[in-house]
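Read the structure below first, then the notes.
Computed from the coordinates by the stated procedures, all read-outs in this text should not be read as laboratory data. The structure presented is a predicted model; accordingly, all values stated were derived computationally and were not measured. Cβ: placed from backbone, ideal geometry, glycine included. Neighbour counts: every protein chain shown.
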Amino acid sequence: MNIHEYQTKDLLKHYGVPVPPGRVVHTDAQAATVAEEIGGARWVVKAQIHSGGRGKAGGVRVGNSIDEVKVIADEILGSLLVTHQTGAEGRLVRRVLVEQASNIVREYYVGLIIDRATRRITLVASAEGGVEIEVVAKETPERIIREVIDPAVGLLDFQCRKVAYKVGLKGALLPQAVKVMKGLYRCMRDNDASMAEINPLAIVDNDQLLALDAKMSFDDNALYRRPTISELRDFDEEDPKEVEATGHGLNYIALDGDVGCIVNGAGLAMATMDAITLQGGRPANFLDVGGGATPEKVANAFRIVLQDPAVKIILINIFAGINRCDWIATGIIQAMRDQNIKMPIIVRLAGTNVEEGRAILNASKFPFIIASNLTDAAAKAVTEVNNIVQKVVPLKKEHS
Amino acid sequence: MSVLLNKDSRVIFQGFTGQHATFHAEEAMKIGTNVVGGVTPGKGGTQHLNLPVFDTVEEAVQATGADVSGIFAPPPFAADAIMEAIDAGIKTIVVIADGIPVQDMVRVERYRLGTNSIIIGPNTPGIITPGVGKVGIMPSHIYSPGRIGIVSRSGTLNYEAVAQMSELGLGQSSSIGIGGDPVNGTDFATVLKAFEDDPETDAVLMIGEIGGPQEVDAARWAKKNMRKPLIGYVAGLSAPPGRRMGHAGAIISSESDTATAKIDAMEALGMFVVRNPADIGATVLRAIKS
């Protein structure tokens, strides 16, 4: 789960990480009031959406007067921000963070990741702040400093000092850097975050370190024990179909093709998408019905897949282990009947109770297209979808 | 495969009297798995499935000589159950739970350091050695004894590969799911080494997916250390970056996480690679004939 920048900064503040004075607002009038309250000569107005690249997209702007802050807030609020992560349709800005602007002397990067190779939380730092760490990692990997943290003792002072000296934070800045790193680590550990980063961590006037931007993601599997973090979830930032799917115990991710997919197991779901792609088709979604899928769960899967108007056919690929093909088949029939589905449905069933499942499909009056294996299923899906696409006569353009 | 689950293995289940453990313990016993008892705190001294129930893993090990444990505890309690098994000296620990907090696994892996325990999973279908037994949730009827070792992150994709192999008459020496989580107990390379040392395995199929470095790390290890043919597939060719594809660990965070990057790297390291998931069985057959 992701949260907004202002929420991340609120959290970090509690762990002793210094952030600029500021507040989140929903209207331009509030923006002006906040600017006045926090004082200063210049302010930054920052669009609060779950996406990187907000600055480049015009979502982060500096105002030199209260009036300017108001105008900028008015322009950003309610606009659709298009970044490299939002897609062409952009993301509606519902709130902005108004902060005192700082005179930046130098920018650094400090982050924490859960490193799969060492199976530990690892501190990552760089003197190249303000740019994406992935870019630094690719272009100048030698400029990235790493320090692996032993979970038995946590991040130690000497480790922070090592990292600080290596990126060039010394003198009066050293104790501040240690405090920031330890605060970031405690915040990550105490709240079951899966990543945390401050970028940039800046030296501003009077040798002060300040977290100018920060980002945290949280482990969905640990939210049950982090109620205060769960409350930070912003459903406006998520695909409503994906939210609904999660509510039904389904794992759904929207893609941009036209072959709807209903599969059990994440690996097989990805492989099914791959098989469709390799046959020249385009999957409309990733959907994993999970283990122990009841007929109701299968019917819900249909409902969610069909909310996508681009879907022209549905491919069902089930290899039942703890699932049962007869339950899946019953769910398919239920969906066909209750949701009045007319589009071609390709079904591949294998594994537990496969004979019973096929018998249920055969006994129904619906014209299922039965596939014998994965290749057959993908090939039949692509043939069907191509038939539909060819039948649609392109509209003559009225204006050119 | 003799290392993880063999004829001499003595298997217990943790969370034994629960619904899932009961069902899968019965299934395991049907195919001959040597189940010797189980653990459910508070139910020690009773019998379940005609086997003794113990309050602690330590007691179970003392009384039965158990060396393999299947953990069916739900995610919030799984880390504690794993560490209890490690403490009791269990050698092979199979963790079925899907949804263990990742920082719990970071602590578990730290606790395991310096012990002889091997953790299979979490978020795994488990281990099956056809003809000997299983500890896990996979449908055993699709597997058949043979000489191909399988190691995979995904469960159902493992079944898919088995079905394709069965059509071509190929059986399995063992099939091991290492699980779909970002921090897991055993990586591909560790299982590859076990298969390389196993006299009952002729070739190994490795089924990976997007996210993380371990497929390529394993391929690098294999190039140096493995003489048996190694076949690899990576799911998620069409997965978009930055999205978690069902498994907690299946997410493209950098270019090297993509299926194409991993397959290209594996091919460059001399592995037999499968680009289309429909060709898994055929590629295994080609590899053992070469």
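Stokes-Einstein diffusion of segment A:145-263 at 20 °C, 1.002 mPa s viscosity, Kirkwood radius from Cα pairs, rounded to a whole number: 123 µm²/s.
One Cα centroid belongs to segment B:149-163, the other to segment A:135-160; the line between them spans 36 Å. Working from Cα positions, state the angle (0 to 90°, nearest 10) between the long axis of helix A:66-76 and the longest principal axis of chain A. Value to nearest ten degrees: 10.
Taking the fewest neighbouring Cβ atoms within 10 Å as the starting point, the ordered list for B:T56, B:T92, B:T129 is B:T56, B:T92, B:T129. With a threshold of 25 Å on the Cα-Cα distance, the over-threshold entries among A:K13/A:K46; A:K241/A:K297; A:K56/A:K179; B:K91/B:K134; A:K182/A:K215 are A:K56/A:K179. Inter-chain neighbour count for B:160-167: the average number of beta-carbon atoms from partner chains within 10 Å of each residue's beta-carbon is 3. When the Kirkwood hydrodynamic radius is evaluated over all pairs of different C-alpha atoms of the protein assembly as shown, what value in angstrom, to one decimal, is obtained? Hydrodynamic radius (Kirkwood, Cα pairs) of the protein assembly as shown is 27.1 Å. Once a ≥ b ≥ c are taken as the square roots of the eigenvalues of the Cα gyration tensor of segment A:294-400, is the result rounded (a/c under 1.5), prolate (a/b larger than b/c) or oblate (a/b not larger than b/c)? Cα axes put segment A:294-400 in the prolate bin. Restricting everything to alpha-carbon atoms, can you work out Rg to Rh for chain A with a Kirkwood hydrodynamic radius? Rg/Rh: 1.07. Other residues lying with their Cβ under 14 Å from the Cβ of A:C261 contribute a combined charge of -1, Lys and Arg counting +1, Asp and Glu -1.
Separation of segment A:249-315 and segment B:1-68, taken as the distance between their Cα centroids, equals 37 angstrom. Taking label positions 7 Å along the Cα-Cβ direction at both B:E58 and B:K223, the computed distance is 4.8 nm, reported to one decimal. Over what distance in Å are the Cα centres of segment A:1-69 and segment B:223-290 separated? Answer, in whole Å: 44. In loop segments of segment A:313-365 as defined by DSSP, the trypsin sites (Lys or Arg not before Pro) with at most 16 further C-beta atoms inside 10 Å of their C-beta are A:K342, A:K365. Ranked by how many other Cβ atoms sit within 10 Å of their own Cβ, fewest first, the residues B:F272, A:F235 fall in the order A:F235, B:F272.
3J(HN,Hα) along segment B:150-160: 10, 9, 8, 8, 8, x, 5, 5, 4, 4, 4 Hz, from the Karplus curve 6.51 cos²θ - 1.76 cosθ + 1.60 with θ = phi - 60°, whole Hz, x for Gly and Pro.
Sites listed here are GluC sites (Glu not before Pro) in segment A:76-144 whose DSSP assignment is loop and whose Cβ has at most 10 other Cβ atoms within 10 Å: A:E89.
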